[in-house]
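Novice: Questions regarding the structure given below will be posed in turn.
The values are calculated or read from the model by the stated rules, or taken from the named source; none is laboratory data. None of the values given here were measured: they were computed from a predicted structure. All Cβ positions, even for glycine, are placed from backbone atoms using ideal geometry, and neighbour counts span all protein chains on display.
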Amino acid sequence: MPAPKPSAPPTASKLDTSKGNATSALYSAAIGPISIDYYLPLFTQFEEAGRPRLAWNWAACLYTVNWMIFRGLGLAALAYGAIVAGAALLLLGVGHLIFQLSPTTELALVTTLMVLAFGVPGLLGNWFLYTVYRKKMAHALRESTTFPEACTLLAREASSRRRFLWLVSLNVLTVTVALSLYAWGVMRSVQPASAPTTLPVQPGAAAGPLNQPNDAARLSTPEAPSSPVQSGRVENAEISGPTPVSGPTPSPTQAASIAQPARPRFYINVGLFAKEANAQNALNRLEKVGLPTLSGTVNTSRGVRTRVRAGPFNSEQDAQAAAATIRALNLDAVVMPPT
């Protein structure tokens, strides 16, 4: 009687769903050493039920993109980032510029977007990760001839402590660069506000910046208006040349300020607003960076609008510098001809 042939060693050709089987070993290899105590019992329950179920995942909620990259879901992370960024641009761009939504409505929409951006991954993260791991395990079994070889193939792509440290370093670098750029932008926006501010003067006096300490004292102290005779003498001296004048002789600084013609004033048109709240918001942003502001209502073909302007400025250079600051605030800035 021929001796029975020894049975061939088992090969991994499909997932074994029996209790205490090799599927747990495949899941362990696919998950990796981090958080295996959380995912392995959960995925085992999914296997016993024959389908995944909803289960909250705090890591997927709070660290969505990092969690996806750490778990080897690079394409999902790109799709998630594109969807969230597109929704934010659509909300802040189209909603703010075209529909001119109120601040309360914008806040409500942004809050809803944030809740969905973090809540949906937290609720569906385990479901999605379970489905991906099932596909990876099936692919590893097809590409391998033995069970240990399949586990080794899964372990190469699994999450590791090295990948975790790499992600932490990348996040620290990203936050450092973002804070540096923010600080640089704040410093640039504050620079125009730190420039010396021209004090208001009486009509006919020079509107240029103060160059001497005596000028500030003279402008801050109210002076008695000059008599018509004295004004006439100054005008005659300016036209026909120096002429002796009786009475106290003005200082060279006062004479220069009187003889110098008034400089033109420049204004910057920021925009016409149909809603008073939007106009007030623009005024607040201009005043926050230290720019002088003007506002008033005008009648247009589309109805009454609130016009917001910045100024006046004593030179075109000052007006152009202020216009650059206004554009940095995402507001329109058109320098008007001098008046």
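Novice: Restricting attention to the stretch 149-169, which residues are loosely packed, with under 13 Cβ neighbours inside 10 Å and closer than 15 Å to Met137 by Cα?
Specialist: The answer is Arg156, and nothing else.
Novice: Another one. Checking the condition surrounded by 17 or more Cβ atoms within 10 Å (Cβ to Cβ) and either on the phi < 0 side of the Ramachandran plot or at pLDDT 90 or above (or both), which residue from Ala324, Ala319, Ala328 passes?
Specialist: Among Ala324, Ala319, Ala328, only Ala319 is surrounded by 17 or more Cβ atoms within 10 Å (Cβ to Cβ) and either on the phi < 0 side of the Ramachandran plot or at pLDDT 90 or above (or both).
Novice: Any chance you could count how many residues in the stretch 73-98 are in contact with a helix residue (DSSP H, G or I) (Cβ under 9 Å, 6 or more places away or on another chain) and either at pLDDT below 80 or of a type in the set (D, E, K, R) (or both)?
Specialist: Number of matching residues: 4.
Novice: Give the residues of the stretch 79-121 that are in contact (Cβ under 8 Å) with a residue 60 or more places away in the chain and more than 30 Å from Cys151 (Cβ to Cβ), sorted by residue number.
Specialist: Gln100, Ser102, Pro103
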